[in-house]
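The values are calculated or read from the model by the stated rules, or taken from the named source; none is laboratory data. These figures come from a predicted structure and were not determined experimentally. Note that we place each Cβ from the backbone using ideal geometry, even for glycine, and neighbour counts take in every protein chain shown. For the accessible areas, the whole protein counts, side chains as well, though only heavy atoms, and no ligand, DNA or RNA atoms are used. Shrake-Rupley method; radii C 1.70, N 1.55, O 1.52, S 1.80 Å.
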Amino acid sequence: MEFRRFNDTYIVRMDRGEEVMSTLAGLCEKEGIRLASVEAIGAVDRAVVGLYDVGEKVYHKKEFREPLEIASLLGTVTEKDAKPYLHLHATLCDARMQTHGGHVNELHISATCEMVLQLIPGEVDRKLDDVTGLNLFQF
Amino acid sequence: MEFRRFNDTYIVRMDRGEEVMSTLAGLCEKEGIRLASVEAIGAVDRAVVGLYDVGEKVYHKKEFREPLEIASLLGTVTEKDAKPYLHLHATLCDARMQTHGGHVNELHISATCEMVLQLIPGEVDRKLDDVTGLNLFQF
Amino acid sequence: MEFRRFNDTYIVRMDRGEEVMSTLAGLCEKEGIRLASVEAIGAVDRAVVGLYDVGEKVYHKKEFREPLEIASLLGTVTEKDAKPYLHLHATLCDARMQTHGGHVNELHISATCEMVLQLIPGEVDRKLDDVTGLNLFQF
């Protein structure tokens, strides 16, 4: 992983073999990033994404082990218990150009991941919500 | 719905039971937002999205009633007839991690919607274009 | 194509019959845009998108000739050999609201393309990487 900061924008290149969530969490810790929007494209050869069924409180997840383009990776960096909290969703395309996606657990880079992190001057916390069972924005 | 404004960025949390388009339109009216980019992720249990066939001038739309992650929600807030005009497209993922999408008519939140609104200092209008039958950016 | 610049943000409308990659490259050359994030939605009636298999070093691509909504178009403008270098990925939805996507080669607009270009005050180069066979961010 390598990056440059230009004012409030980080341009990040993650590399073959790196996992996006852990690499991004490490960057946020190192740089003290507390609030940011995340936007990325790239290519992976392994991904774990899922859907949380709020009604049934069940998390459906699926692992992919094949070459996939990251068509979109979107979300935010906020904080929970004073640590960076990542919430990202992805759309992934396979070799037939069909797409898959969901809440991101793991994205293992095959080629590169090109990310734009936009710092936002503030803080947003997370709090466990009993109704949905999710850690929601807490202002 | 709750939000915080940090300089030119709004961080918005929409909640279970709220509909994204009407909630966002209300926020834009209340806050006087005239030009902004919109980026969001979240989860819904009902969605109406469509495709406009310019050649045939027919709008194909489809309603989904199932748990879906919002993998991406992108677009803009502009103005038409001095009121906020929203134009958003979405990619939605189902419990098998397959994706669906299109032009957004309705998105009914099941869990949360986490939105980043980036204010842009200017104004862009909309004007009905006879050729396409759509309200296009008017500068 | 028409656009307005508001501080560091370009709002761009591309029109029926225009191709997104060549039109954007022309805009970047004309305006001297060296580093920017790109975010767009729109509608096309012809698209060429692909997936690069890093392991096999084969580029799989597919041409679509049908009405498709651009659910998301994301990526960056950087530089290579002192010229604008575009790297964009797209998710496209057909008339059944099913989605397709990948690395963008061509997007031919049927109705409109609404783009937000966010200038970033810096420069990022591209360099051919021998391992992946791709032009990666070079800081």
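Ligands, DNA and RNA are left out, and with a 1.4 angstrom probe the accessible area of the protein assembly as shown is 38 Å² per residue.
Within chain C, what's the longest run with no GluC sites (Glu not before Pro) in a DSSP loop and at most 14 other beta-carbon atoms within 10 Å? Give the range, please. Show your work: numbers first, answer last.
Values: sites that count: C:Glu56, C:Glu123.
Between exposed loop sites, the widest span is C:57-122.
Across region B:2-139, how many lysine pairs separated by 8 or more positions, or lying on different chains, have Cα atoms within less than 21 Å?
Taking region B:2-139 as the scope, the lysine pair count is 5.
Using a cutoff of 8 angstrom between alpha carbon atoms and counting only pairs six or more residues apart, the relative contact order for region B:25-76 works out to 43 percent. For region B:69-139, applying the loop criterion from DSSP together with a ceiling of 13 other beta carbons within 10 Å to the trypsin sites (Lys or Arg not before Pro) yields B:Arg96. Taken across both chains, chains C and B shield about 2800 Å² of accessible surface from a 1.4 Å probe. For the protein assembly as shown, the alpha carbon positions stretch 53, 51, 39 Å along the principal axes, listed from largest to smallest. The mean sequence separation of alpha-carbon pairs under 8 Å and at least six residues apart, normalised by the residue count of chain C, gives a relative contact order of 33 percent. Projecting 7 Å from Cα along the Cα-to-Cβ direction, the label point of B:Arg65 sits 4.0, 4.0 nm from its equivalents in the other copies, listed shortest first. Highest GNM mean-square fluctuation among B:Val58, B:Val77, B:Val12, for chain B modelled with Cα contacts below 10 Å: B:Val58. Residues of region A:49-63 whose accessible area, computed with a 1.4 Å probe over protein heavy atoms, drops by at least 40 Å² once all protein chains are present relative to their chain alone are A:Leu51, A:Val54.
With the Cα gyration tensor of region B:51-109 giving a ≥ b ≥ c as the square roots of its eigenvalues, does the rule (a/c under 1.5 for rounded; else a/b larger than b/c for prolate; else oblate) give rounded, prolate or oblate? Before the final figure, lay out each step's value.
Values: a/c = 2.44, a/b = 1.44, b/c = 1.70.
Oblate, since a/c reaches 1.5 and b/c is not below a/b.
Normalised by 2.2 N^0.38 Å, where N counts its residues, the alpha-carbon radius of gyration of chain C equals 1.06.
Taking the 1.4 Å solvent-accessible surface of chain A as the whole, the part contributed by carbon and sulfur is 43%. Distance between the C-alpha centers of region C:1-61 and region A:91-127? Whole Å please. If we compute the Cα centre of each part, the gap is 20 Å.
Taking the Cα centre of the protein assembly as shown as the origin, how large is its charge dipole in debye, to the nearest 20, when only Lys and Arg (+1) and Asp and Glu (-1) carry charge on their Cβ atoms?
Rounded to the nearest 20 debye, it is 40 debye.
Taking 10 °C and 1.306 mPa s as the conditions, I'd like the Stokes-Einstein D for region C:19-82 in µm²/s, using the Kirkwood hydrodynamic radius from alpha carbon pairs.
So the translational diffusion coefficient is about 115 µm²/s.
The share of C-alpha pairs in region C:68-139 whose separation exceeds 22 Å stands at 35 percent.
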